Amino acid sequence: MSLSAVPRAGVGVLARPRLVAALDDAAPLVVLHAPMGYGKTVAMAQWTRSTAYRGVWMRVRDGGGEPRPFVQQLAAQLADAGLLDDGNPLRTAAETLAVDDDPWGLLARGLRRRTGPLAVALDDGDRLSEATVRGLVDLLADVPEPSCASPSAARPS
């Protein structure tokens, strides 16, 4: 497994090789959008077990869909997974964001300091605010490829 914190697949889960292959394509952002129960999370979990990317699985928590808590949670998960060097500004995201009003600038600086591709699999993407979605899209346009890939499963409201 290349990503940390990936949920376990249940017994008898249907393999989705074509969808998994599509997720591993070079696109910096892939969104899986379907009603609850259609297998978005399962497909993402299968992809994470086969991809060469290193990264983290991140389930957007209640209240974590706004920019500041989102960046803070992502930074903590990247640090916990050992994907940030000692001098990376994301290691002190909680302290920095207590006094800095630019979570996207902090995330961009931290991602630029990383070397090699990085995948962030976002689950429960429907909890992201419009400001967070906009910030992520802008960030993906700004951070050099292939430093970021972000399949995201979103459940419609």
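The values are calculated or read from the model by the stated rules, or taken from the named source; none is laboratory data. For clarity, every value in this text was computed on a predicted model and none was experimentally measured. Calculation scope for accessible area: heavy atoms of the full protein, side chains included, ligands and nucleic acids excluded. Shrake-Rupley method; radii C 1.70, N 1.55, O 1.52, S 1.80 Å.
Calculated from the structure, volume of the Cα convex hull per residue in Å³ equals which of (1) 265; (2) 105; (3) 120? Working out volume of the Cα convex hull per residue in Å³ from the coordinates points to (2). Going by accessible surface with a 1.4 Å probe and the largest first, LEU118, LEU136 read LEU136, LEU118. Heavy-atom surface analysis with a 1.4 Å probe gives the chain a carbon and sulfur content of 54 percent of its accessible area.
Protein heavy-atom accessible surface, 1.4 Å probe, per residue over the range 16-87: 52 Å².
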